[in-house]
Amino acid sequence: MNPVPAFVSYEFAGREELCLCAGAQSLRRILLVPPLFDEMNRMRKMLVDVMHSLEALDIGSFLPDLPGTNESFVALETVTLSDWQNAVKACAQQNDISHIASFRGGVLAVAGLPSASHWIFNPVKGATLLRTMLRTKVASDKESGFSTSVAELTSRAEANPLELAGNIVGSDLFKQLNSAGIPALAKQRIVRLDSDNKPCDGQIQGSALWLRAEPDEDPAMSAAIAQDINEWLGL
């Protein structure tokens, strides 16, 4: 039976935010930066499975709650992308971690650690994430009898908080994400699914869980991710 990961905390902006950790006593440690918004919920089980697999390889892992997400007491509508970047930096520094694994939009939150070593899984631009959520809202509004467009919603979101995929996104966060590209980091390994033909440093067989309607898992993919990270850490 796998040990149960434990919650610890890290300090950011005068508050305590939670961080799930496994194998904290290991000499090799890595910070896992989760996907953003609804993708975070769909991939949470997969990330916990990755943590279990990493612990079996004697690698400690830390999965922080970003401010405004999960158990955070901060209202998401007040959070900016800069807050997420600074929170990730704080968590890494407080736990003496120099290796970062980011998933999907989580890569947008690692810009505050340019000198760290980065393992990146299927990175995505902020505008791409927002466009998907905006289109979902257009479809939802249509079902409710309202006629909206991506352009109209974008204009509204740039001026005031807007509900997207169950998240109240503040205007500052929206604008920052909309202009946020995938950072080019000095020490990085980009890994994609084997079904993805975009440039990368390695591929893994698995499922695009972020596209599922409900949270799901792929144990084989989680194990493969952990093994790839293990080999990367060993370089």
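Laboratory data are not the source of any read-out in this text; all were calculated from the coordinates shown. All of these numbers come straight from a predicted model, not from anything done at the bench. Because the Cβ atoms are built from the backbone with ideal geometry, glycine has one as well, and the counts that use them run over all protein chains shown.
Points to keep in mind about this one:
- Normalised per residue, the volume of the convex hull around the Cα set of the chain (Å³): 125 Å³
- The fewest-to-most ranking of Ser179, Ser207 by surrounding Cβ atoms within 10 Å reads Ser179, Ser207.
- Helix 150-159 axis versus longest C-alpha principal axis of the chain: approximately 80°, rounded to the nearest ten.
- Residues Asp83, Asp201, arranged from fewest to most other Cβ atoms within 10 angstrom of their Cβ, appear as Asp201, Asp83.
- Seen from Arg29, the other residues with C-beta closer than 15 Å to its C-beta sum to a net charge of -2, counting Lys and Arg as +1 and Asp and Glu as -1.
- Cα-based radius of gyration for the range 166-229, normalised by 2.2 N^0.38 Å, reads 1.43.
- Three-way shape label, the range 99-173, alpha-carbon gyration tensor, a/c 1.5: prolate
- For the range 115-214: rounded, prolate or oblate by the Cα gyration tensor [a/c cutoff 1.5]: oblate
- Of all DSSP bridge pairs formed entirely within the range 1-107, close to 60 percent run antiparallel.
- Of all DSSP beta bridges confined to the chain, the antiparallel ones make up roughly 40%.
- Environment charge at Asn70 (Cβ cut-off 10 Å; Lys +1, Arg +1, Asp -1, Glu -1): -2
- C-alpha long axis of helix 126-143 to longest principal axis of the chain, angle in °: 50 degrees
- Ascending count of other beta-carbon atoms within 10 Å, so fewest first, for Phe73, Phe62: Phe73, Phe62
- Between Asn197, Asn178, Asn122, the residue with the greatest mean-square fluctuation in the GNM of the chain (Cα pairs under 10 Å linked by springs) is Asn197.
- Proximal charge balance of Val50 [Cβ under 11 Å; K/R count +1, D/E count -1]: -3
- Residue-averaged [θ]222 nm for the chain, counting only DSSP H segments that reach four residues, each worth -39500 (n - 2.57): -11500 deg cm²/dmol
- Computed from Cα atoms, the angle from the helix 38-56 axis to the main principal axis of the chain rounds to 0 degrees.
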